[in-house]
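Below is one structure, written out as structure tokens; comments come after it.
The values are calculated or read from the model by the stated rules, or taken from the named source; none is laboratory data. These figures come from a predicted structure and were not determined experimentally. Positions of Cβ are generated from backbone atoms using ideal geometry, with glycine treated the same way; all protein chains shown enter the neighbour counts. Remember, those area values only see protein heavy atoms, side chains included, never the ligands or the DNA or RNA. Shrake-Rupley method; radii C 1.70, N 1.55, O 1.52, S 1.80 Å.
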Amino acid sequence: MDSIKIANLLFPNTKYTVEEIEKRYKKRNLNDNQVVSRYAPSPTGYMHIGNFFQMFISYNLTRVTDGTFFLRVEDTDAKREKKDATQVIYDILDKFGIKPDEYQTLDGEDIGDYGPYVQSQRADIYAVYAKKLVEEGKAFPCFCKKTEGKEDVLKLREEKFAEDDEKEYDPCRDLSYEQVKANLDAGMPFAIRLKTKNDGTQRIKFFDLIKGEIEAKANAKDFIILKTDGIPPYAFAHAVDDTLMGTTIVVRGEEYISSVPAHIELFEALGFNLITYCHNPLICKIGDNGNRRKISKRYDPEADMRFYFEEGYPTTSVLEYLLNIINSGFENWRNANPDKPWTDFKFGVNDITTVAPIFDLVKLSDVSKNVVSKMTALEVYNHTLAWAEEYDAGFAEYLKTNKDYAVQVLNIDRETPKPRKDIYKWSMVKEYFDYMFDEPKTTELEEADKANFIEFISKYSENYKIEETKEEWFANVKAVAESLGYATDNKLYKANPEAYKGNTAKACEFVRLALTGRKNSPDLYEIMKILGNEKVNARFKAVLN
Ligand code: GLU
């Protein structure tokens, strides 16, 4: 048969037989629930939150079923590959505490039995399956050349493929053995294309775990399965790798749904069992026109994973926020289990959102305030220092030389039964406590309050004693307030506000303004204790001048 002869011409030296490969990649021993899934990033740039989101869904499906999560680096697009991008992927997973069960180390060692876990090292395997398809008449060599100096003809054609779903047979699909041989003898490079068995009239149905049953036009295009460099584009690598590596659920973004007909034809041609897909919606934002749009690095800083490190969001906060948008049940679970780690949260594929989640930084900060409020002062200190060491050397230095003091400051309203929910990212700590680390920078004192403020602080500054207990301290503020005509009984004050200069809350606000420049702050008594007599007196003096 011509096709077998052609296959041998094209692939004279394949390293293995299909049987050998299938022996090497044993079927995984799994129980019914165990999910094997993967994160398959292309190292083409810095990581996008949408990509991380899909990874995290995949990770969770394996985590809750005690399955296997592996990392496969899809570096087949050599032109676009960014040098450090693989390192970046590893670093990010590591920072988030997500450890794949199987992967290739940066030194090139495969951890797991299904490697190599880097696609550019799997060319020998792809060649075996491409050869098999050519032998069976299901694929053929294509010699269409890239036009020199002009657009890449092959690329243009592939892009056209993606745009419409009309039949597209390649001119090379029926070359004879002699023609192929002549081209090879002439040194012409070749790609391999699938010879579609469809003619554009067939339809297929498939089931997606998120979208349910989908009906679509069957693939009718002779698309490329091996490029001229012997490396496959996404579809072929996906079919071969996810089959051999024993993936049970392919978790990916819904932008891949339109390619499923092509993938299905490939699985069938290769004689593989069809795989289960879980195509998740993409994270959105509300655009200026009020409509949903895909979150994008171009408009949304939070689309780039670097944002979270630069801003210093705790990694747990980001993960918990993503759990919130993956599964609306997480929030209730969190409320009912305030002290459990998120890793105790279990959910299945049916609990994953089917609508595109809208990314909301305000919600992220709320989730994060909650996360940070449960940390000890020392933990907050350590995280803030780690952040500052990377992004604010001066502040890092300050934190290091004033460790005990800084921990005391960070402990205000913390490690109590009802900790204050205020800090949500490490980059805000310096400004949030600027009046503790330095002199107050601003004042929120209102012009209309000035006279009362001066009068109150003058008197209070003479009465204040550092040794006071909290009760004594409060009694003292009240006593000074009362002597100056403030109401210490809020009911009386409310009934007749004109009769007073204010109430105890107003008196406290004045002290707070004098010491911090702000109307709101964490516990004032603690602030005074930590600042100490000297600073407190100096600040009182400063505002009185
Ligand atoms: N390399 C593909 C991507 O980064 C993988 C998609 C998939 O998960 O199959 O989009």
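Quick look at the values:
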read-out	value
0 to 90° range, to nearest 10: angle between helix 260-270 axis and the chain longest Cα axis	50 degrees
Extent along principal axes [Cα atoms of the chain; Å; largest to smallest]	109, 50, 46
For Ile98, solvent-accessible area (1.4 Å; no DNA, RNA or ligand), Å²	10 Å²
Options Tyr90, Leu9, Ser37, ranked by Cα towards positive dipole end of region 1-93, top entry (Cβ charges)	Leu9
Reach of Lys501 by Cα under 16 Å, taken over lysines that are not fewer than 8 positions away in the same chain	Lys450, Lys459, Lys478, Lys491
Long-range amide H partners of Val73 with built H, under 5 Å	Val118, Gln119
Angle between the chain longest axis and helix 49-64 axis [Cα atoms, degrees, rounded to 10]	80 degrees
nm² value of the averaged projected area, convex hull over the Cα atoms of region 236-307	6.4 nm²
Cys with no candidate disulfide partner in the chain (beta-carbon separation under 4.7 Å rule)	Cys144, Cys278, Cys284, Cys508
By accessible area with a 1.4 Å probe, ligands and nucleic acids excluded, highest first: order of Lys132, Lys145	Lys145, Lys132
Distance between region 163-223 and region 85-123 - C-alpha centres, whole angstrom	32 Å
Degrees separating the helix 153-163 axis from the principal Cα axis of the chain, which is the longest one	70 degrees
Lys, Arg +1 and Asp, Glu -1 on Cβ, resulting dipole of the chain about Cα centre, debye, nearest 20	460 debye
Subset of Lys340/Lys519; Lys294/Lys421; Lys95/Lys363; Lys297/Lys421; Lys421/Lys535 violating a 25 Å alpha-carbon distance limit	Lys340/Lys519; Lys294/Lys421; Lys297/Lys421; Lys421/Lys535
Cα centroid separation - region 388-402 against region 303-355, whole Å	30 Å
Gained length - Ala542 relative to Met428, 0.36 nm times residue gap less alpha-carbon distance	38.4 nm
Inter-centroid distance (Cα atoms) of region 443-475 relative to region 19-49, Å	65 Å
